[in-house]
1. In nm to one decimal, list the spacings between the A:Gln253 label point and its equivalents in the other copies, with label points set 7 Å along Cα to Cβ, shortest first.
2. Which of the peptides B:143-154, B:158-169, B:84-95 is most tightly packed, and how do the rest follow, going by the mean number of other Cβ atoms within 10 Å of each residue?
3. Which values, in whole Å and largest first, are the semi-axes of the equivalent ellipsoid of region B:153-213 obtained as the square root of 5 times each eigenvalue of the Cα gyration tensor?
4. List the distances, in nm to one decimal, from the label point of B:Gly42 to the label points of the same position in every other copy, shortest first, placing each label point 7 Å from Cα along the Cα-to-Cβ direction.
5. Add +1 for every Lys or Arg and -1 for every Asp or Glu among the other residues with Cβ under 13 Å from the Cβ of A:Ala270, and state the total.
6. In region B:159-203, whose amide N lies under 18 Å from the spot 7 Å out along Cα-to-Cβ of B:Asp239? List them in ranges.
7. Remind me, relative contact order of region B:145-293 in percent, using alpha carbon pairs under 8 angstrom and six or more residues apart?
8. Inside 10 Å of the C-beta atoms of A:302-315, what's the mean count of C-beta atoms belonging to other chains?
2 protein chains.
Amino acid sequence: MEPIRVVQMGLGAVGCGIAQTAIGRSKLQIVGAVDVDPAKIGSDLGEILGNNRPIGIPVAASLRDVLDSQPVDVVLQATGSHIPDVAGQLMDIAAAGCHVVSTCEELAYPWLRYPALAREIDAKARDCGVTILGTGVNPGFIMDTLVLVATAVCSDVRRIKSTRVVAARERRLALQQKIGSGMEEAEFRQLAAQGAIGHVGLRESFHLIAAGLGWKIAEPQETIAPVCATERITTGDFDIAPGQVAGIYQTLQGASHGRELVLELTMSMAAAESKDSILIKANPPIHLEVVGGTHGDQATWSILANMAPRVVEATPGLLTMLDVGLPRALG
Amino acid sequence: MEPIRVVQMGLGAVGCGIAQTAIGRSKLQIVGAVDVDPAKIGSDLGEILGNNRPIGIPVAASLRDVLDSQPVDVVLQATGSHIPDVAGQLMDIAAAGCHVVSTCEELAYPWLRYPALAREIDAKARDCGVTILGTGVNPGFIMDTLVLVATAVCSDVRRIKSTRVVAARERRLALQQKIGSGMEEAEFRQLAAQGAIGHVGLRESFHLIAAGLGWKIAEPQETIAPVCATERITTGDFDIAPGQVAGIYQTLQGASHGRELVLELTMSMAAAESKDSILIKANPPIHLEVVGGTHGDQATWSILANMAPRVVEATPGLLTMLDVGLPRALG
């Protein structure tokens, strides 16, 4: 089988991780990289990735520039979390006849927040015969796809609780900052009230599960609260005093017709260990744990690369993880 | 959406469990039941299931008898573990234009033991525009499909170990007998040497994983050994003395090109607790556990019913869990 020709679009921390992961896979051939940063354009991708040798792929300013010299099967997009920010790019990529696997969190279940825009992207993808998929570790896998798959051996599912605990000390500075590390509690609460802090994607996971099970749940209830340090937490980047914010505790809960779905996400510098767990009240009940958790960065890089064959094989359109076959490693 | 019209074929213990599970689901409508036992034919299905009232479905002697009075979308087949034993039925069901979800263990990955017969069934299914799928809890889910899905966030998978421990005391008498409970060790070893004892399906799980990851592994090495009781085990049906057989320990192991796949199944009256676990050496590593295990009977009944919409939506042919979309509960 010929390798799938992929282009990495977006060379921030996540995009670089995806590109590095794709380079190592024999079933993929990375044929280009695109970024908007003038400082990166023209540089060799290997150099941008901090590898010790060039790989002969200069960073291009646009996908069009890559397509001038060779065909491309799949674009791995890591350029934004919000659909309106990436919609124009998606339309252009579809018009160029390339499939897309995207890290855009809102794209994991695009039909809720942006139904009109989602229909527009879907129509374009169908017209152009390409598949567009949003995925990642969360949303995209650990709090939604894996939860759904765990229900495959269940009947009469009455309650699902998915809990993710991320020990933020193991993660990148960007994540540590995103969760409010070192803030005063009042500041955190003010930002939360404004919707200016919090994980993007919990709502998408919720609706992906509900759609997968055919549950009609009205708008779920969301809570966002700070996790405050109970003792001093000192790292290279932070010195968090007791009482200051060490992380975030975010939940979504909804119920309908005697069925309940609860998602609970903790990302905290105070958490000693990462862990993912899924509790399903059903016949039979299922209690699944990912011991030590699922490392967010590496997992996202991997699933982006792993889904490339799935979008090539899927039917055209703007799809979700429900519609692209059995997710699995490239092997 | 109209409910999917299903027929239960085979009313042994497993078939009855599937039928009972299907009856409880609003997305399915059980429209018929078929068995070869003259004592069951003509009886009401509700009565066969031990329900306290008839449900107006007389057990038929053949699918043809059911089809005389109404259309059928999917046949849930629970009539045998070996492909040669069920192949004739599958050809007939396909000819009648019905999709199939089957408990036949060897059908979970039919391409290895019976490639010619599998091609014949596949051709018939394609000709007739129907989908045929073998699944169940094991093979079909816990030691293969779930393992594959767990790799979706992994790159550079180097080793996979899937371990299933079944505390046989929690299970049906048929399973307790199947694993040799109460036998003398020598008798067990003799039967094992003849291939007359052991779980059917471990090999199918192995090759399903290998196929899903595109791993070319030559014939794996199999071991089957008795688990001998270290203390007296007394249940309503068994009185197992120390040294006598309390269960089975069966493994399959294969490696190729630096990748290793190990499946390890223990089913034992001596096991205190059921547990499933999946260990993946990769980037990131994944350690998944199903705490308390996955109850085999209920899980098989459920996944058979749950896969009905998946075979309706899939492309025609003899497919595996790799090809029928994201497995999940009916909701």
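1. 4.8
2. Result, highest mean Cβ count within 10 Å first: B:143-154, B:158-169, B:84-95.
3. 30, 15, 10
4. Reported distances to equivalent positions: 9.1 nm.
5. Local net charge: -1.
6. B:181-184
7. 38
8. 2
Computed from the coordinates by the stated procedures, all read-outs in this text should not be read as laboratory data. The structure presented is a predicted model; accordingly, all values stated were derived computationally and were not measured. With ideal geometry, Cβ positions are generated from the backbone for all residues, glycine too; neighbour counts draw on all protein chains shown.
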